[in-house]
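Take a look at the structure below.
The values are calculated or read from the model by the stated rules, or taken from the named source; none is laboratory data. As the structure is a prediction and not an experimental result, all values here were calculated from the model. A quick note on method: Cβ atoms are made from the backbone with ideal geometry, for glycine too, and the neighbour counts reach across all protein chains shown.
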Amino acid sequence: MNEVLLDAVRHNNWATKELVRFCQDRDLSGEQLEVRGVGTFGGILATLRHIIVSDGSYIRRLAESELA
């Protein structure tokens, strides 16, 4: 992966870790993690799971592309 893309991936990974840490620091209950806001993807846990799985997919695609 070229350095520009690698820098963006590193920043994205940092931001995702910060979101997870933010939630951990608040010691949210299972119920709070599952609450779904109006017009949202899902609860906090579902959203974090979606972000992490999607990021993995994007990174795999980038690593296999000619842009890398």
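List of remarks:
- Verdict on residue 10 being within 17 Å of the chain's Cα centre (by Cα), modelled with pLDDT under 95 and of a type in the set (Lys, Arg): no
- If the condition is being within 16 Å of residue 16 (Cβ to Cβ) and either of a type in the set (D, E, K, R) or surrounded by 12 or more Cβ atoms within 10 Å (Cβ to Cβ) (or both), then region 42-57 contributes 44, 45, 46, 47, 48, 49, 50, 51, 52, 55.
- Subset of region 32-67 (residues that are under 26 Å from residue 7 (Cα atoms) and in contact with a helix residue (DSSP H, G or I) (Cβ under 7 Å, 6 or more places away or on another chain)): 48, 51, 52, 55, 59, 62, 67
- Residues of region 6-41 that are exposed (fewer than 12 other Cβ atoms within 10 Å of the Cβ) and polar (S, T, N, Q): 24, 29, 40.
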